[in-house]
Amino acid sequence: MSVKVGDVCRHVRSKQAGPFWVTIDLFFDGAENYEKYHKHPALSPALIEKLYGAPADQVGFYHVDDLAVVKISYPRASVQGGMVERDLHSGQQYVRLLDVELT
Amino acid sequence: MPVLTDTVNIIVPCGSLGAGVRESEVAWGLAQGAHAFATDAGSTDSGAAYLAQGVSKNNRASVKRDLQILMRAQASAGIPIIIGTAGQAGGDMNVDWTSDIVIEVAEELEYSPRIALLYSELDRAQVKALNARGRIAPLAPKGPLDDSTVDKCDHIVAAMGVEPFIEALQHGADIIIAGRSTDTAVLACYPIWRGASWGAAWHAGKVGECGVQCAADPSRGSGVLLRVGADGFRVEPLSQDNRCTPHSVSAHMLYENKDPFRLVEPGGVLDVTNARYIQVDERTVEVTGSVWEQAPYTLKLEGAGAGPYQTLMLVGIQDPDVLNDVDGFHDRLLYALNRRVQRSIPADQLGEYHISLRLYGWNAVSGDTVPAGTPPPREIGVLFVATAATQELADDIARCCNPYFFHFPSVPDKELPSYGFPFSPAQVSRGQVYEFLLNHVVSTEDPLELIRIEWADARGDRRRVG
């Protein structure tokens, strides 16, 4: 059975961290799924490069064990508020992570 | 567990000045023995326009209303009010806009607070000179700064640390209106001035910077009370029907923050890797173990500049022919609009321009290709965005595109459709595109070197201190 990010997190959010960075917080639904998936190979800088166009070597992954959170920070691929802005505060960017498979 | 004694107590009345301070919360905080009010009044979150234009995001009446509540409380309680990143962006114009409101309220309340204005705007020549002396370094993902980038900035600010605030407090400021400051410094300055632990003060500042956002239910109430001591700090919501929990407080370190453990500030780094969060009563969390590591003093620079102009049009479409082939419609319409523009406006007038169509209800937010087999939406909104060198030109492009945008058929040999315009005239002149152009730090040995401190009183007279 395929498990997706959205299935094992109780909350996922994205937001800008200053004008040049985006940060995504994956709040896992408990210690069990956090232990099982927080270092899953699918959750990698290469995935962030593929989904968001951020260079993999600039992507940061942080494991916040006490909160069962994986935090992912990456540089914005396009300028905040630029000519073709679609999501100024990056608040919708998390959505495309929800369907990433963790199998 | 050590009990926090001799704490310095800060009321953070709201997440950002103008967001809605509550009189009952302020009264409760004062009854707990608060020593100061502190709040920021902006951030970079909403884009570069506010710094580039020197205008506030909030309306004047909202900011004035919050100031009236705080200043009425100050007139009787006599404790300082500390405001950072005034007027959304913290440029000199944003500071002056805020100080005009403060002076107006003071005159209405008939009292004379001593008002410190902390300016951190730098002019372009100053920034170029600092850069030439090797004092400006890039932050990822930017590269080294060049003069042409500086020239594109309409306004440049440096984000202050705690020292300019402390300088103003030492000179007896009742109200501090600061330009761009780090969110944390605004809240940390007063406890640090009064001798609290730097680690605890900076961490309290980070936890409290969005007001009630660090509580279990961010929709209940507006502010928090911070009590900062020698070994740690406590935080509780000002609203009695809300509570802080170790989870709600520790999770706030994640918020709008790249690194959940380490926060770089002017003159050091806050490290919360080993912080402990304990529920000490139903509503209050105590935090210990936060560490302040001193580092060479740097101020982060923000610079904003204006680019080309945009004009918008919007139509709503329920036409089944369009909805059955949204992507094909988009591609054909965009091609037709560009061809129409290039045939109608002489190339030497047109210059560089751009048209984009955003299909709301289909893929406007992501810009991604919609998977094959996705059922047709019930309706879409098509946002037309023309970008050009001047507003007149962007408007002209929109007017030139209007008949096609209004009537473009999705299938041949049918009567021309008319899509749903919500406005007349159809086009909206949006103004310029604004961008943040700097992501750099300037190093200094003197935290006050780049900051100007002025004083104002309720008659509006100004004089420089020192």
Worksheet item: Dipole magnitude of the stretch B:22-111 about its Cα centre, charges +1 at Lys/Arg Cβ and -1 at Asp/Glu Cβ only, in debye to the nearest 20?
Response: 220
Worksheet, complete the sentence: In terms of the charge dipole of the protein assembly as shown, which places +1 on Lys and Arg and -1 on Asp and Glu at the beta carbon, the residue among B:Ser76, B:Asn257, B:Gly211 farthest towards the positive end is B:Asn257
Worksheet item: What span do the alpha-carbon atoms of chain A cover on each of the three principal axes, reported in whole Å from largest to smallest?
Response: 43, 23, 22
Worksheet item: Can you tell which of B:Pro425, B:Gly361, B:Phe436 lies farthest toward the positive end of the dipole of the stretch B:306-436, using +1 and -1 charges on the Cβ of basic and acidic side chains (Lys, Arg; Asp, Glu)?
Response: B:Pro425
Worksheet, complete the sentence: With every protein chain in place, the residues of the stretch B:232-261 shedding 30 Å² or more of accessible area versus the chain by itself (probe 1.4 Å) are B:His247, B:Leu254, B:Tyr255, B:Glu256, B:Lys258, B:Pro260, B:Phe261
Worksheet item: Assigning unit charges at the beta carbon (Lys, Arg +1; Asp, Glu -1) and nothing else, what dipole magnitude in debye, to the nearest 20, does the stretch B:323-432 show about its Cα centre?
Response: 120
Worksheet item: Pairing the Cα long axis of helix B:198-208 with the longest principal axis of chain B, what angle in degrees results, from 0 to 90 and rounded to the nearest 10?
Response: 40
Item to complete: Give me a single rounded figure for B:418-427: the average over its residues of other chain Cβ atoms within 10 Å of their Cβ.
Response: 0
Fill in: Additional length obtainable on full extension of the chain from B:Arg430 to B:Tyr335, 0.36 nm per residue less Cα span
31.9 nm
Worksheet item: Which of the residues in the stretch A:15-62 show a loss of at least 30 Å² in accessible area from their chain by itself to the complete set of protein chains, at a probe of 1.4 Å?
Response: A:Lys15, A:Gln16, A:Ala17, A:Pro19, A:Phe20, A:Trp21, A:Tyr62
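How shielded is B:436-447 by partner chains, expressed as the average number of their Cβ atoms within 10 Å of its Cβ atoms? Can you show the working numbers first?
On the way: counts 7, 2, 2, 5, 0, 0, 0, 0, 0, 0, 0, 0.
Counting other chains' Cβ atoms within 10 Å and averaging over B:436-447 gives 1.
For chains B and A, what's the summed buried accessible area, probe 1.4 Å, to the nearest 100 square angstrom? Spell out each step's value before the answer.
On the way: alone 20340 and 6180 Å², together 23580 Å².
It comes to approximately 2900 Å² buried between B and A.
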Discussion item. I want the local charge near B:Tyr360. Using Cβ-Cβ distances under 11 Å, sum +1 for each Lys or Arg and -1 for each Asp or Glu among the other residues.
Written reply: +1
Item to complete: Just tell me which lysines come within less than 24 Å, Cα to Cα, of A:Lys71; anything on the same chain fewer than 8 places away is out.
Response: A:Lys4, A:Lys15, A:Lys36, A:Lys39, A:Lys50, B:Lys142, B:Lys206, B:Lys258, B:Lys300
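Output the antiparallel fraction of DSSP beta bridges having both residues in the protein assembly as shown, as a percent to the nearest 5. Before the final figure, lay out each step's value.
Details: 93 of 108 bridges.
Here the share of antiparallel DSSP bridges comes out near 85 percent.
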Worksheet item: Between the stretch A:59-103 and the stretch B:71-90, what's the alpha-carbon centroid distance in Å?
Response: 35
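Whole number in Å², please: accessible area per residue of chain B, 1.4 Å probe, ligands, DNA and RNA not counted.
On the way: 18910 Å² over 466 residues.
Dividing the accessible area of chain B by its residue count gives 41 Å².
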Worksheet item: Carbon-plus-sulfur fraction of the accessible area of chain A, 1.4 Å probe, in percent?
Response: 50
Worksheet item: For the pair B:Arg133 and A:Ser44, how long in nm is the line joining their label points, each one 7 Å along Cα→Cβ?
Response: 4.8
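Using a 1.4 Å probe on the protein heavy atoms, what percent of the accessible area of chain B belongs to carbon and sulfur?
Details: 9290 of 18910 Å².
Carbon and sulfur: 49 percent of the exposed surface of chain B.
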Worksheet item: How much accessible area per residue does chain A have, in Å², with a 1.4 Å probe?
Response: 45
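What length, rounded to one decimal in nm, is gained on full extension from B:Ala230 through to B:Phe421, with 0.36 nm per residue of separation minus their alpha-carbon distance?
Extra length available between B:Ala230 and B:Phe421 comes to 62.5 nm.
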Item to complete: From zero up to wherever the largest Cα-Cα distance of the stretch B:306-436 sits, split into 10 Å bins and tell me the percent of pairs in each.
Response: 12, 42, 33, 11, 1
Discussion item. A drop of at least 40 square angstrom in accessible area, chain alone versus all protein chains together, probe 1.4 Å. Which residues of the stretch B:360-395 meet that?
Written reply: B:Val365
Fill in: Cβ-derived FRET efficiency at R0 30 Å, B:Gln294 paired with B:Thr5, nearest 0.05
0.70
Discussion item. Skipping prolines and chain starts, which residues have an amide H placed within reach, meaning under 5 Å, of the one on A:Ala17, given they are 5 or more residues away or on another chain?
Written reply: A:Val22, A:Thr23
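The values are calculated or read from the model by the stated rules, or taken from the named source; none is laboratory data. For clarity, every value in this text was computed on a predicted model and none was experimentally measured. All Cβ positions, even for glycine, are placed from backbone atoms using ideal geometry, and neighbour counts span all protein chains on display. Remember, those area values only see protein heavy atoms, side chains included, never the ligands or the DNA or RNA. Shrake-Rupley method; radii C 1.70, N 1.55, O 1.52, S 1.80 Å.
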